[in-house]
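The values are calculated or read from the model by the stated rules, or taken from the named source; none is laboratory data. Just so it is clear, the model here is predicted, and its values are computed rather than measured. Methodologically, a virtual Cβ is constructed for each residue, glycine included, from the backbone with ideal geometry; neighbour enumeration extends over all protein chains shown.
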Amino acid sequence: MIYHIDGNSFYASCERVFRPDLYKSPIAVLSNNDGIIVALNAECKALGYKRGDVFFKVKRDMEKQGVKVFSSNYTLYSDMSARMNLIYNRYTPDVEFYSIDESFLYFPDWTNADYTKIAHEIKQTVTRKTGIPVSVGIAPNKTLAKMCNKLAKKRGGVCNWQLLNHDEELSNYAVADIWGIGHSKADFLKKHGITTALQLKHYPQDKAMKNLTVTGWRTVQELNGKVEIEKIEPKARQAVMVSRSFQEPVYDIEDLITALADYTQEAVQRIRAEQLSCKYVSVYLMTNAYAQGDQYFNQLSAELPDPSDYLPDITATANELLKRIYRPNYKYRKVMIGLTGLENNTPPQLDLFNTVCNRAKQNAPLMQAFDQLNNRYGRGTIKLGCALTGKKPEDEETALSWELRREYLSPRYTTYIKDIPTAH
């Protein structure tokens, strides 16, 4: 049996956990650089707002209606997600992390198990331990579990497919809401008179394969109770790319180096977390293609002497590439680091004549301590000196020009020691 568990209005719920004064208040969460609305709770939706709304166009109306706005606090959301998944693992070791707010839990097909009772217990435990409300859908396959999860949001938070009238539920479920049926497939099916899940269930399999591709065919099979969409096993990364758009144009090479060093540290942390090393380093530099003025884009790559996960060497290579492609007097909008040629970080035999490779391996304990400090006290607690070379703002509250615009950022309550709430 498969459980699909979804955090209700997850981003907004994370913001409200540490703000009990916002109980029942409309909440909206913005994208990078506070551009558009990416998440909102039910109270905010009831006011007519939706995902994708451009923030500056609705900002004044939101202020009048008392909507509480937050910049995306991914550090907080990621940590809350990890806490939820730790709870899931108490009930079953077979957990598939699907997205930051969704997971699939796989249970054996027990004969006398009360799956609904287990789901309610998980739901209550997650809410009690984390403060995040969740919905649970229970079904024999992933498509039906996703469907039951959506039904659960209006039925007390838990919905078990085994306890439903299948055809009745499918007849009232819009085909456009089925997991795996996108807008184009929904439009195609509508033209052929298929608007409900029940009608799609009886869609001929040969036509499903021809008109809906393999993905659509699997969906039809799962609506008929079969298991066609297997658990997704994690695959080794092929590349890691890190970049963000600057909140303001950047001109100086020092500021670009500071930003690139910060992004490189994040990229290396990702590959180290998966015990990988990279062979190639690429740096991309670009202006804003939609802004007035001269445009410039360039990219340069370099091959490391040996696969490495040693931050100082990778950062030095990236900085050298940036200096080679940098041109003065341009309004730069983005710099990006790419690590490719990833492979398992197996300890190699030290080379008597390769001092670069030897230094990286010998300093592995140093990098482990580096990662542990940042994981424990928050990202950026410790960093390389070249990440501090750019111009500093006059006060600590002012953002650097290359940082994301996050005017409504909440504290990192669970990962940054200075942001831990104080009880009075």
What's the total number of residues in the stretch 82-102 that are closer than 14 Å to CYS14 by Cβ and in contact with a helix residue (DSSP H, G or I) (Cβ under 6 Å, 6 or more places away or on another chain)? 4
If we ask which residues in the stretch 228-250 are in a loop (DSSP other than H, G, I, E, B) and surrounded by 14 or more Cβ atoms within 10 Å (Cβ to Cβ), their number turns out to be 3
From ALA291, ALA259, ALA239, ALA318, which residue is within 30 Å of GLY180 (Cα to Cα), small (Gly, Ala, Ser) and in contact (Cβ under 8 Å) with a residue 24 or more places away in the chain? ALA239
Hey, MET84 free of Cβ contacts under 8 Å to residues at least 40 places away in the same chain and of a type in the set (A, V, I, L, M, F, W, C) or not: no
For the stretch 175-193, indicate whether the set of residues that are among the acidic types (Asp, Glu), within 32 Å of the chain's Cα centre (by Cα) and under 18 Å from TYR3 (Cβ atoms) is non-empty. no
Tell me, which residue of the stretch 68-95 that is in contact with a Cys (Cβ under 6 Å, 6 or more places away or on another chain) and aliphatic (A, V, I, L, M) is farthest from PRO108 (Cα to Cα)? LEU76
All positions within the stretch 186-212 that are of a type in the set (S, T, N, Q), part of a helix (DSSP H, G or I) and under 17 Å from GLU169 (Cβ atoms): GLN199
Pairing a residue in the stretch 97-111 that is at pLDDT 90 or above and surrounded by fewer than 17 Cβ atoms within 10 Å (Cβ to Cβ) with any residue that is part of a loop (DSSP other than H, G, I, E, B) and not aliphatic (A, V, I, L, M), where Cβ atoms lie under 8 Å and the two sit 6 or more apart in sequence or on different chains, gives TYR106/THR92; TYR106/ASP94; TYR106/LYS231; PHE107/THR92; PHE107/ASP94
Mind listing whichever residues of the stretch 65-118 are within 23 Å of TRP161 (Cα to Cα) and in a loop (DSSP other than H, G, I, E, B)? THR92, PRO93, ASP94, ASP101, PHE107, PRO108, ASP109, TRP110, THR111, ASN112, ALA113, ASP114
Count of the stretch 191-235 residues which are under 17 Å from HIS166 (Cβ atoms) and without any contact (Cβ under 8 Å) to a residue 60 or more places away in the chain: 11
Checking LYS68 against (1) under 16 Å from the mean Cα position of the chain (by Cα); (2) in contact (Cβ under 8 Å) with a residue 24 or more places away in the chain, which test does it fail? (1)
In this structure, is LYS201 farther than 30 Å from ASN32 by Cα and surrounded by 18 or more Cβ atoms within 10 Å (Cβ to Cβ)? yes
Failed item, numbered, when LYS146 is tested on (1) crowded, with 16+ Cβ neighbours inside 10 Å; (2) out of contact with any Asp or Glu (no Cβ under 6 Å at 6 or more places or on another chain); (3) more than 29 Å from LEU76 (Cα to Cα): (3)
In the stretch 120-177, the residues that are under 24 Å from LYS231 (Cα atoms), in a helix (DSSP H, G or I) and among the hydroxyl-bearing types (Ser, Thr, Tyr): THR143
Being at pLDDT below 90, outside any strand (DSSP E or B) and either of a type outside the set (Gly, Ala, Ser) or over 25 Å from ASN32 (Cα atoms) (or both) narrows LEU321, LEU304, LEU350 down to just LEU350
Name the residues in the stretch 1-59 that are modelled with pLDDT of 90 or more and of a type in the set (S, T, N, Q), would you? ASN8, SER9, SER13, SER25, ASN41
Using the structure shown, decide if GLN295 is crowded, with 19+ Cβ neighbours inside 10 Å and not aromatic (Phe, Trp, Tyr). no
Residue count, the stretch 368-389, condition modelled with pLDDT of 70 or more and over 25 Å from the mean Cα position of the chain (by Cα), comes to 3
Counting just the residues of the stretch 25-73 that are of a type in the set (Val, Ile, Thr) and buried (at least 18 other Cβ atoms within 10 Å of the Cβ), which one comes out nearest to GLU407 (Cα to Cα)? VAL69
